[in-house]
Amino acid sequence: MRKKIVAGNWKMNKTLQEGLALAKELNTILANETPNCDVVIGTPFIHLASVVSAVDTHKIGVAAQNCADKEAGAYTGEVSAAMVKSTGAGYVILGHSERRTYYGETAETLKTKVELALKNNLIPIFCIGEVLAERESNVHFEVVKSQIIDSLFGLSAADFSKIILAYEPVWAIGTGKTATAAQAQEMHAFIRKTLASKYGKEIADNCSILYGGSCNPGNAKELFSNPDVDGGLIGGASLKAADFKAIIDAF
């Protein structure tokens, strides 16, 4: 049975003090509840160790938003997968459209990052998705398929089964636009079919595929009601505990 997951991506927001306060607030809200999904928060690197210590990690998983494509060495400013793991974090977000767009991350770079994350027992939340021009040109399925194949299809079945996917229609991130529930379901079903073609139906059926395009308390329930949408990778709405909790409660 695949997991339902609501993961927050704080992006470059919150000072350490503000981030700790938000994590503690969320921890308090969830203290006496058993959510119907796994909950993960993706914090800036400098927050990781402090946030891990501040929350019940059996209830709230902690993710880095990136890791380096190198194991160690003279790479000033980079943070390795081993360093992320050493903080107590359990997850790492890789391939986010902002990393691909602003920092030129390629399929080959991401392939290496995924391998290093898995080597260090981190669970990758791997992002895929098309920009508006690609959707309007009707090549969105091909784009998403190639992102999956080029970075992930070199993995063994055992390693692939540890991956969480997040579909993010890039045209719906921070724009206020949202893919309709039907558009989300259509792409998620396509992704699952693509996985099955390589790894078989069982692994495809067990892969959690999150929706990551302007998911909020108002539309989460409709999005999550789709059979192939297993949760959300939440941006702006994860920066307020009440909004994030409302999305968790959509399950």
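Annotations for the structure displayed:
Per-residue answers, yes or no, for (1) farther than 21 Å from ILE93 by Cα; (2) surrounded by 15 or more Cβ atoms within 10 Å (Cβ to Cβ):
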{"residue": "ILE5", "(1), (2)": "no, yes"}
{"residue": "ASN9", "(1), (2)": "no, yes"}
{"residue": "ASN13", "(1), (2)": "no, yes"}
{"residue": "GLN17", "(1), (2)": "yes, no"}
{"residue": "LEU22", "(1), (2)": "no, yes"}
{"residue": "GLU25", "(1), (2)": "yes, yes"}
{"residue": "THR34", "(1), (2)": "yes, no"}
{"residue": "VAL39", "(1), (2)": "no, yes"}
{"residue": "VAL51", "(1), (2)": "no, yes"}
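- Applying a threshold of 7 Å to beta carbon distances and a minimum spacing of six or more residues, or different chains, the list of pairs starting in the range 200-211 at a residue that is surrounded by fewer than 16 Cβ atoms within 10 Å (Cβ to Cβ) and ending at one that is in a strand (DSSP E or B) and acidic (Asp, Glu) is empty.
- Pairing each residue of the range 121-139 that is more than 29 Å from LYS162 (Cβ to Cβ) with any residue that is surrounded by 20 or more Cβ atoms within 10 Å (Cβ to Cβ), provided the two are 6+ apart or on different chains, yields C-beta distances under 8 Å for LEU132/VAL170; LEU132/TRP171; ARG135/PRO169; ARG135/TRP171; VAL139/GLU130.
- In the range 113-133, residue modelled with the highest pLDDT [restricted to those that are surrounded by fewer than 23 Cβ atoms within 10 Å (Cβ to Cβ) and in contact with a Phe, Trp or Tyr (Cβ under 9 Å, 6 or more places away or on another chain)]: ILE123
- All positions within the range 175-207 that are of a type in the set (Lys, Arg) and at pLDDT below 95: LYS177
- As a summary of the residue check, VAL52 satisfies the conditions (1) in a loop (DSSP other than H, G, I, E, B); (2) out of contact with any Leu (no Cβ under 6 Å at 6 or more places or on another chain) except for the one numbered (1).
- Hits in the range 55-101 (condition: part of a helix (DSSP H, G or I), surrounded by fewer than 23 Cβ atoms within 10 Å (Cβ to Cβ) and under 18 Å from the mean Cα position of the chain (by Cα)): LYS85, SER97, GLU98, ARG99, ARG100, THR101
The values are calculated or read from the model by the stated rules, or taken from the named source; none is laboratory data. The structure presented is a predicted model; accordingly, all values stated were derived computationally and were not measured. Using ideal geometry, Cβ is built from the backbone for each residue, glycine included, and neighbour counts are taken over all protein chains shown.
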